[in-house]
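Okay, structure first, notes after.
The values are calculated or read from the model by the stated rules, or taken from the named source; none is laboratory data. Keep in mind that what you see is a predicted model, and the values were worked out from it rather than measured. Neighbour counts are summed over all protein chains in view; Cβ atoms, including those assigned to glycine, are modelled from backbone coordinates with ideal geometry. Heads up: the accessible areas ignore ligands, DNA and RNA and are worked out on the full protein's heavy atoms, side chains in. Shrake-Rupley method; radii C 1.70, N 1.55, O 1.52, S 1.80 Å.
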Amino acid sequence: MANKLLALAVTATLAMGVSACSPSPDPEQEASDRTVTLALSTEKNPFFLQVRYGAQAKANELGLDLNVVDAGDDPAVQERQLAEAEAQSKVVIVNPTDSDEVRGSVEKLNEKGVPVITLDRAVNGGEVAAHISSDNVEGGREAAGELAKSIREQGEVIVLTGLEGSSSSEDRLAGFQEKIASYPKIRVVAVEAADFERSTAREVVQQLLAAHPDVAGIFAENDEMALGAVEALGERAGKDVKVIGFDGTEEGVRAVKNRQLIATVAQLSSELGARAVEEAGTILDGGTPDKEIATNVVVVTRDNIEKYRPL
């Protein structure tokens, strides 16, 4: 699977170099029979860039026209983009900025007869043809177990959560809390939102350290927040305070190698994008996609880092 992921990313990177020069589609233009819109919450996060690369590689393979739009984590922007996608596309793949806010847009696409596939984050309403995600609950459990082991199953722990309303954030927290509760000598002293952003996480951790100077571990629901926590901790990161991230981005894996993070729970990001486009192709070919698709997660530590190093 790891080799497949790397191959997808390489192919897609080359494809992106060609497709980046293509003009943006005209919102008023009729969709071709093979046009698919991929509406991403943000491309600022390296994880979603890998999703895009995997999606583009699969689109090239299947002969689909992939229109990628970036909402910049703004629900209002995503709403406009999805309204435009009604005319542009035969299938829409959406990675919601907010699982609640996107509901109205999905319902409008339903009314227009445009099939919708959700990716990574679910939508709280409307009809979707398929939902593709990592097993975020299991990933949260894996993170809790790895963090507990690193702090010898005792001490204070901080949790940094993502965007409010994000189903992936909620699922990771649920899995983490379920598993961490099985360690009676570990106490979660703070659960704070840092919006999946590095700078926000740095500020949040700086504030929390003043209140909890003896913290032993930090679980961040993505690598960007984990790296923000590392910046706030300075030399304490990986020594006095163990930090674990989520996503398996290039920087996250590098931080594991450098002992700043104890681990990152890696999603197969390119595989997520590829599988979403593959299901879109199934719809365009008259088939019925799988309704729920959960891809595996892998805990990347220094012991297995060579197998899962992303590009």
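Quick look at the values:
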| item | result |
| --- | --- |
| Theoretical ellipticity at 222 nm over the chain - DSSP helices of four or more residues, -39500 (n - 2.57) apiece, nearest 500 | -14000 deg cm²/dmol |
| For the chain, alpha-carbon Rg and Dmax in angstrom | 19.6, 61 |
| In Hz, Karplus ³J(HN,Hα) per residue of region 65-77 (6.51, -1.76, 1.60; θ = phi - 60°; x = Gly, Pro) | 8, 9, 9, 9, 10, 10, 8, x, 6, 10, x, 5, 5 |
| Probe 1.4 Å, all protein chains present, accessible-area order of S99, S182, largest first | S182, S99 |
| Residues of region 114-251: accessible area per residue with a 1.4 Å probe, Å² | 39 |
| Region 122-191, Cα convex hull volume normalised per residue, Å³ | 82 |
| Descending principal axes extents, region 162-311, alpha-carbon based, whole Å | 58, 32, 30 |
| Label-point separation, Q177 to N110 (7 Å along Cα→Cβ), nm | 2.8 |
| Sulfur and carbon atoms: percent of accessible area, the chain [1.4 Å] | 44 |
| Simple Cβ-charge dipole of region 212-311, Lys/Arg +1 and Asp/Glu -1, about Cα centre, in debye nearest 20 | 480 |
| Dipole magnitude (debye, nearest 20) for the chain, charges at Cβ of Lys, Arg, Asp, Glu | 1340 |
| Three-way shape label, region 160-216, alpha-carbon gyration tensor, a/c 1.5 | oblate |
| Shape call, region 245-292: gyration tensor on alpha carbons, a/c limit 1.5 | prolate |
